[in-house]
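Here, each number is a calculation from the coordinates, and none is a lab measurement. Please read these numbers as outputs of a predicted model, since none were measured by experiment. FYI the Cβ positions are ideal-geometry reconstructions off the backbone, even for glycines, and counts take in every protein chain you see.
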Amino acid sequence: MAKARASLALSSVPKKLPCREKERHEIRSFVEEAIRAASSEGNCQGRCLYISGVPGTGKTATEMEVLRELRKEAANKKIYPFQFVEINGLRLPSPQHAYSVLYESLAGRYVSPSQAAEFLEEHFKSKRQPNGRGCKQSKKQSEVTILLVDELDLLVTRKQDVLYNIFDWPTYKNARVAVIGIANTMDLPERLLPRIISRMGLTRLQISPYPREQIATITQPRLEGVDCFDSRAVEFTSRKVASVSGDVRRALEICRKAAEIRQLKAQKLLDSTCVEEKQAAEDSPETWTDTIADVDKAIKEMDDSAHMLLIKSISVHERVMLVALAIAIR
């Protein structure tokens, strides 16, 4: 039971992510073309990719898997070397700190956002190191920087200058930088200023929610070698999640909660029976096998927790207040 709960944890990343072959191919093609263009033509102007999809559809996980594979190939000299920098909007104190994160990754030292923005502008406009202050030079002049910006919508400011600069750098002839932006909303580019839309281009990838079959395909391999899950329970979970959101993370959390419920139920059974009944309970597969009833109970417990019941009971204005407070904190 402990092994099942560990395998179903969101922090447990499998070696191979199934069900995203088409999306993986498109992302890989984009990155490979950017690397090839920078290596052969000396620049990769205008290389931007926007990836959208609802939460829990594997956007970031698919992207990171592709880049892990390409970095291994670069280390083995199968493709040209490249730099990879990740910026996550959720981890930034403010949108302007994206400059500091990028500069620190390239130059190896931290500076304030205003200084970083100045240095980066100078760096991407010139092939050479800017006045001895800027970013370290690549071993090869043709090396490209792949910049991944996750939670892109959190970098939107009133003037939208941060997003403008990020998507403007790839247009410089000597920049050799390609940008991949990830967000939950499909129409985010249409809500930005026209000058940003023109630089983002039309290269977009929309990742759809997982259907029932794919949720089961992702969940089942995590339970290999674990005999405490009825296949019908996994199927029931997949159907429930697919009908609501298609968020595979919720499916994993439901299965993990079901395993916890079954473990507590089995322990209670063993603690309350006589010796003969205890031995029979220990030897019975039903004692340790998660069923549809456990999954159903897990769903109800997750939906009927104290804070969920409270949110369901409050007024519309109180919900608006909670949303506003959450946005302000984020």
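Between ASN88 and ASP150, the built amide H atoms are under 5 Å apart, and every one of these is 5 or more places off in sequence or on another chain.
Taking the Cα centre of the chain as the origin, how large is its charge dipole in debye, to the nearest 20, when only Lys and Arg (+1) and Asp and Glu (-1) carry charge on their Cβ atoms?
On the way: 51 positive and 44 negative charges, 316 e Å.
Roughly 1520 debye for the chain.
Order 212-221, 316-325, 233-242 from most to least packed using the mean count of other Cβ atoms within 10 Å. Write out the running numbers ahead of the final one.
Details: 212-221: 18.3, 316-325: 10.4, 233-242: 22.2.
Order by mean packing, descending: 233-242, 212-221, 316-325.
Between helix 97-107 and the chain there is an angle of about 70 degrees, using the helix long axis and the longest principal axis of the Cα atoms.
This model, with +1 at the C-beta of Lys and Arg and -1 at the C-beta of Asp and Glu, gives segment 172-280 a dipole about its Cα centre of some 800 debye. Please name which of ALA4, ALA178, ILE215 has its Cα lying farthest along the dipole of the chain towards the positive end, using unit charges on Cβ (Lys, Arg +1; Asp, Glu -1) and the Cα centre as origin. Of ALA4, ALA178, ILE215, it is ALA178. For the chain, the longest principal axis of the alpha carbon atoms and the long axis of helix 212-222 meet at an angle near 80°.
Quick check on packing: order 7-16, 172-181 by the mean number of other C-beta atoms within 10 Å, highest mean leading. Mind showing how you got there, number by number?
Numbers: 7-16: 11.7, 172-181: 22.3.
Highest to lowest by the protection proxy: 172-181, 7-16.
The angle separating the long axis of helix 231-244 from the principal Cα axis of greatest extent in the chain is about 50 degrees.
How would you order 145-153, 259-267, 59-67 from highest to lowest mean count of nearby Cβ atoms within 10 Å? Walk me through the numbers before you get to the answer.
Details: 145-153: 22.2, 259-267: 18.3, 59-67: 20.4.
Ranking, from highest mean packing down: 145-153, 59-67, 259-267.
Using the Cβ-Cβ distance between LEU193 and ARG91 with R0 = 30 Å, the FRET efficiency computed as 1/(1 + (r/R0)^6) comes to roughly 0.75. Note the listed values [x] 20.7, 70; [y] 24.3, 82; [z] 23.1, 77, then indicate which one is Rg and Dmax of the Cα atoms in Å calculated from this particular structure. Only one listed value fits the structure, namely [y].
Karplus-derived 3J(HN,Hα) values for segment 77-90, using 6.51 cos²θ - 1.76 cosθ + 1.60 with θ = phi - 60°, are 6, 7, 9, 5, x, 8, 9, 10, 10, 10, 10, 10, x, 5 Hz; glycine and proline are entered as x. Dividing the Cα radius of gyration of segment 153-265 by 2.2 N^0.38 Å, with N the residue count, gives 1.58.
For the chain, what is the calculated [θ] at 222 nm in deg cm²/dmol (nearest 500), taking -39500 (n - 2.57) for each run of four or more DSSP H residues and dividing by its residue count?
On the way: 14 runs with 176 residues, N = 330.
Roughly -17000 deg cm²/dmol at 222 nm, from the helical runs in the chain.
When the C-alpha to C-alpha distance is required to be over 26 Å, the pairs from LYS265/LYS300; LYS59/LYS297; LYS3/LYS265 that qualify are LYS59/LYS297.
May I ask for the net charge around ARG239, where only other residues with Cβ less than 13 Å from the Cβ of ARG239 are counted and Lys, Arg are +1 while Asp, Glu are -1?
Numbers: positive: ARG212, ARG232, LYS240, ARG250; negative: GLU213, GLU235, ASP296.
Here the charged neighbours net out to +1.
For the cross-link pairs LYS257/LYS312; LYS268/LYS312; LYS22/LYS78, the ones whose C-alpha atoms lie over 25 Å apart are LYS268/LYS312. By a straight-distance test (C-alpha under 20 Å), which lysines pair with LYS125 as possible cross-link partners, with residues fewer than eight away in the same chain excluded? List returned: LYS136, LYS139, LYS140, LYS173.
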